[in-house]
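Trainee: First the structure, then my questions, so here it is.
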């Protein structure tokens, strides 16, 4: 049974790259619309349209994904929020505590999307100077410690990167479900990390899923989509997007075509073992409704039910 999630923009302005026309403050009650209202609209569209969840991606120049995820969880009743973040942003104890609090008021609807392998320049701009296999060694310890303090009241750990002495959560933080962990990458280190810690291993369309997938882990796929009533209309919209006349995301290696064509492409991935889809489409609000109303029902009819 496949699950479908929509990918949010990494920035409150919708990723347009320009400063929004409205003020940055969302607390000024004189303003009818603030920058985070766009993200809220996409989240509401995802829930109304029947998506299983929404991904708040890690964007080094964008809004903090855990803050965005908290907003999505607060305004929705069933939508799961996947927060993408880098393990260098905080200690695993603090990340676990923030997440336990989010689980408490959302009914355990928070997931993690850990981004381990950053471009070195991006990583250094985030204050992280680890390179090579050390990045995965730290991620291993990060997840080990986060799960340890989450599940044990008297937890002690001593590693290369983190140390905890007699830690662990008690009431009211204890007892919640640990966030589902989404990881990615095709290197040996990435696949071994997923085999030990991931609930979902997320691939890109160009990856060899059959050859690279870690055993015992659900396969996910990040894929751009553009669907219209027929193939010609879809490709014309894709040409407008690629020429810059329409705001959106890159369709490189994505699925473009009629709703039936795109549904067939997704069913092919399901047959290859993919169980979770992170769909990328823009403009975000409009396309979320469009895909929910026209694409997801086709997949439901074929047995790939949204849950």
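Any read-out appearing in this document is the output of simple, stated calculations on the displayed coordinates, not a laboratory observation. The model shown is predicted, which means the values in this text are computed figures rather than measured ones. For neighbour counting, all protein chains shown are included, and Cβ atoms are generated from backbone atoms with ideal geometry for every residue, glycine included.
Trainee: Under 20 Å from a point 7 Å along the Cα-to-Cβ line of residue 204: which residues of segment 272-289 have their amide N that close?
Mentor: 274-282
Trainee: So how tilted is helix 134-151 from the main axis of the chain? Cα-based, degrees 0 to 90, rounded to 10.
Mentor: 80
Trainee: Where the centre of each part is set by its Cα atoms, how far does segment 215-276 sit from segment 52-129, in angstrom?
Mentor: Comparing the Cα centres of segment 215-276 and segment 52-129, I get a distance of 25 Å.
Trainee: Among 79, 241, 226, whose mean-square fluctuation peaks in a Gaussian network model of the chain (Cα, cutoff 10 Å)?
Mentor: 241
Trainee: If one puts a single equal scatterer on every Cα of segment 36-142 and applies the Debye formula without solvent, what log₁₀ I(q)/I(0) results at q = 0.19 Å⁻¹?
Mentor: -0.94
Trainee: Of 54, 40, 69, which is the most mobile in a GNM of the chain whose springs link Cα atoms less than 10 angstrom apart?
Mentor: So, out of 54, 40, 69, the one fluctuating most is 40.
Trainee: Listing 171, 99, 242 from the residue with the fewest other Cβ atoms within 10 Å to the one with the most, what is the order?
Mentor: Going from sparsest to densest Cβ surroundings: 171, 242, 99.
Trainee: Calculate the translational D of segment 86-190 in whole µm² s⁻¹ from Stokes-Einstein, where the hydrodynamic radius comes from the Kirkwood formula applied to all Cα pairs, the temperature is 10 °C and the viscosity 1.306 mPa s.
Mentor: Stokes-Einstein gives a translational diffusion coefficient of 110 µm²/s.
Trainee: So, one more: Relative to the present Cα-Cα distance, how much length would full extension add between residue 129 and residue 195 at 0.36 nm per residue of separation? Walk me through the intermediate numbers first.
Mentor: Numbers: separation 66, 0.36 × 66 = 23.76 nm, distance 2.56 nm.
Computed gain between residue 129 and residue 195 is 21.2 nm.
Trainee: Taking only Cα atoms of segment 199-242, what ratio of Rg to Rh do you get with Rh as the Kirkwood inverse-distance radius? Spell out each step's value before the answer.
Mentor: Working: Rg = 15.0 Å, Rh = 12.6 Å.
Here Rg/Rh amounts to 1.19.
Trainee: Counting just the Cα atoms, what span does the chain cover along each of its three principal axes? Round to the nearest Å and put the largest first.
Mentor: For the chain, the Cα extents along the three principal axes come out at 61, 55, 37 Å.
Trainee: Working out 0.36 nm times the residue gap between residue 121 and residue 242, then minus their Cα-Cα distance, what length gain in nm do you get to one decimal?
Mentor: So the extension gain works out to 40.9 nm.
Trainee: Can you figure out the FRET efficiency of residue 94 with residue 61, using R₀ = 22 Å and their beta-carbon distance, to the nearest 0.05?
Mentor: Taking R0 as 22 Å, the efficiency between residue 94 and residue 61 is 0.45.
Trainee: Sticking with this one: Test of understanding: ordering 77, 290 by Cβ neighbours within 10 Å, fewest first, what list do you get? It would help to have the intermediate numbers written out before the result.
Mentor: Numbers: 77 9, 290 18.
Taking fewest neighbouring Cβ atoms as first place, the list is 77, 290.
Trainee: Place the peptides 105-115, 149-159 in order of packing, highest mean first, counting for every residue the other Cβ atoms within 10 Å and averaging per peptide.
Mentor: 105-115, 149-159
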